[in-house]
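A quick write-up on the structure given underneath.
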Amino acid sequence: MNFLDLIWLIPILPLCGAAIMLLFGRNLSKTVVSIICPGAVLGSFILSLGAVIQLAGLKERTHQVVLFEWLPQLHVDFGYLLDPLSSVMILVVTGIGFLIHVYATGYMAHEHGPRHGGYYRFFGYLNLFVFFMLTLVLANNYPLLFVGWEGVGLCSYLLIGFYFHKKSAGDAGKKAFIVNRIGDAGFILGMFFLFQVTGSLRFTEVTDALRSARFGPEVTHFGILSLTALLLFIGATGKSAQLPLYVWLPDAMEGPTPVSALIHAATMVTAGVYMCARSNALFALTPETSHIVAAVGACTAIFAASIGLVQNDIKRVLAYSTVSQLGYMFLAVGVGAYWVGVFHLYTHAFFKALLFLGAGSVIHAMSGEQDMRNMGGLRNKIPITFGTMFIASLAIAGIPGLSGFFSKDEILWQTWSAPELGSKVLWVVGFLTALMTAFYMWRLMFLTFFGEPRMDEKTKHHIHESPKAMTIPLMVLAGGSVVAGWIGMPKVFGENGFMQGLEHWLAPVFESGKEVAHAAAEHGAAAHHDTTMEWVLMGVSIGAALSGIFLARHIYLRMKAEDRPTGGFIYPVLLNKWYVDELYDFLFVNGLSKGGGTLMAKFDTNVIDGGVNGTAWLTRMVSRISMWYDTWIVDGLVNLTAFTVRALSFPVRFLQTGFLQSYALVFMAGVLGIFGYFWWGR
């Protein structure tokens, strides 16, 4: 079977599942729903795996399937592109997505029957989400990518606000939708500029144009290419929750936990990273914009990590963790290590999906309780959940041998050593973020699973391990959290076998501009044999991870609750998330809707409406003057002329009677007059 020519089926299968659910799901049983929707994503995963295997056998490692002509004015077809980058993404989306679907069949089992709309509607939205994400990553051009981009935005609104009877869920859905529209405006403008510069929006043609001799790196100025890259990055800040548009993602936890896992790990938030990685030829030519990307990523990483230090809601800790880890990915992209950003996206998908699904298992066991202050002592009561989350927490902390260590350490090394774009300051920020990450994740573990139980007696007796539909995906993801990073091990460990498999696999996609690539090659040749600094930095980052874990253990396991630090100035600031939401409410929500709305209403009434009404008054006045002028001047002159002609013609009208006998009488009188004249003259 030629899987490469069937890549169009990869997004179609989840679309069919969504259509069946949303059109006929009301009449289907939960068992049928539980087979169709996960089965559709499993089918996409099998097709993806087959296509990627066949892609590996191609010399060029790229394959396009064009379905039909779509936007001829923009030279854009409706087609799909499978290359090393999109192949990684479809495996992540379908593989992790399938496990989340399976988990959801157990987690959502308590929903009302299908005739009441909860169960089938949820899975319909979930399948639709996967369809749009697959469309996004398989698209062979920017407009089709944007279709998927907007589609995942729509699905995030539907799924975050799934429990629409809760005001907080509805508000969170609207918040996600509106904030993303801000970023999308930048993305649209970026596409316009990109078409103006390159004359195309197909990925292959845009890349070829940017890598041609007519474009060089904008190293001494901020030109049109830099502006284009910046606008695209603004779109990414919305979708991938970077400063200042990150505020929607922590509230996305209002949706069911499988939704949180899908958004935070496998789909929507990775879209911005993917788009920037896909646009690497553009960013390689715009070092000024790349510096901005790296700085925003680093600031987002440490900012979100600082908030995660003190949050008490188990899902909110993980939400801010996602924002922080996305900052790591953009830090890698900003320093030109595009493959490392994708590497961390890939490893993060495993341990972050596991952490969210594990948190869902904890919440399931705790009868809906999400406050970690009301947990404790759960490790023996839900051992599978504890064991899998234990592995994921080690992975995200960066403990050697686990997936998160390899990708996080490579980001820090590239930040330190990248030619032109590397920065020691940004490395320090990344290092501190790693320390904070280990601390807040193990704070979560110690508060949730260790110590004395702090829940009420009714909840304590209800605690039980989740069903197999939930625990089996946890165990599979735990395995991925252990081994996923081994295909991208640092070069310091050696360059044989599959150690740099991911870097070599992605290399054809991430060829940079000539000058940048040449500088990187020279730097790599000079530093190839000097690995001492890399070993030192690796040891320092491992020390940071261990320090964060032991510090969390000291504070939240050994120290009594009443002695734990909760006072001072910084704690309430972090607990209230640096008051950013309050600031945004003041400036944009309350400011624009109330004070700003009143001001705009007055402006509309007095200026806009005043201008319109003034224009109408002026028009009426001009028309009155015109009527008077037309009546008394123009018509007056015409009428005067007519009167004059009529007066002058008055004597003539006595002669011009129109009667023949009158004319004959005058004729005879004239003849007699002539004869009389001659008669008397003689």
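The values are calculated or read from the model by the stated rules, or taken from the named source; none is laboratory data. As the structure is a prediction and not an experimental result, all values here were calculated from the model. In this analysis, Cβ positions are derived from the backbone assuming ideal geometry, glycine residues included, and neighbour counts consider all displayed protein chains. The area values use the complete protein model at the heavy-atom level, side chains included, leaving out ligands, DNA and RNA. Shrake-Rupley method; radii C 1.70, N 1.55, O 1.52, S 1.80 Å.
If packing is taken as the average number of other Cβ atoms within 10 Å across a peptide's residues, how do 432-441, 258-267, 62-71 rank, most packed first?
258-267, 432-441, 62-71
Apply the Karplus curve 6.51 cos²θ - 1.76 cosθ + 1.60, θ = phi - 60°, to the phi angles in segment 84-98 and return the couplings in whole Hz, x for Gly and Pro.
Using θ = phi - 60°, the values come out as x, 6, 5, 5, 4, 5, 5, 5, 5, 5, 6, x, 5, x, 5 Hz.
Quantify how much of the Cα-Cα distance distribution of the chain extends past 50 Å, in percent.
Cα-Cα pairs in the chain separated by more than 50 Å: 24 percent.
Report, by chain and number, residues whose modeled amide H sits under 5 Å from the one on Gly79, excluding near sequence neighbours (fewer than 5 apart, same chain).
Leu67, Asn140
If you count only protein heavy atoms with a 1.4 Å probe, what accessible area per residue comes out for the chain, rounded to a whole Å²?
Ligands and nucleic acids excluded, the result is 44 Å² per residue.
Share of the chain's accessible area from carbon and sulfur, percent, 1.4 Å?
69
Distance check, please: which entries in Lys166/Lys460; Lys239/Lys577; Lys30/Lys175; Lys175/Lys577 exceed 22 angstrom between their Cα atoms?
With Cα atoms farther than 22 Å apart: Lys166/Lys460; Lys30/Lys175.
Against the longest alpha carbon principal axis of the chain, how many degrees, from 0 to 90 and to the nearest 10, is the axis of helix 532-553 turned?
Taking Cα atoms only, the helix is inclined about 80 degrees.
Compute the angle between helix 30-56 and the longest alpha-carbon principal axis of the chain, please, reported from 0 to 90 degrees and rounded to the nearest 10.
Helix 30-56 and the main axis of the chain meet at about 90 degrees.
Quick check: Cα centre of segment 42-88 to Cα centre of segment 465-490, how many Å?
If you average the Cα positions of each part, the centres end up 27 Å apart.
Against the longest principal axis of the chain, how steep is helix 167-198, in degrees 0 to 90 to the nearest 10, with axes from Cα atoms?
70
Please report how far the C-alpha centroid of segment 601-632 lies from that of segment 135-188, rounded to the nearest whole angstrom.
Comparing the Cα centres of segment 601-632 and segment 135-188, I get a distance of 45 Å.
Taking the simple approach of a point 7 Å from Cα along Cα-to-Cβ for both Val536 and Val589, what is their distance in nm?
Distance between label points: 4.8 nm.
Which length gain, in nm to one decimal place, applies between Phe659 and Val612 when the Cα-Cα distance is subtracted from 0.36 nm times their residue separation?
Full-extension gain reported as 10.5 nm.
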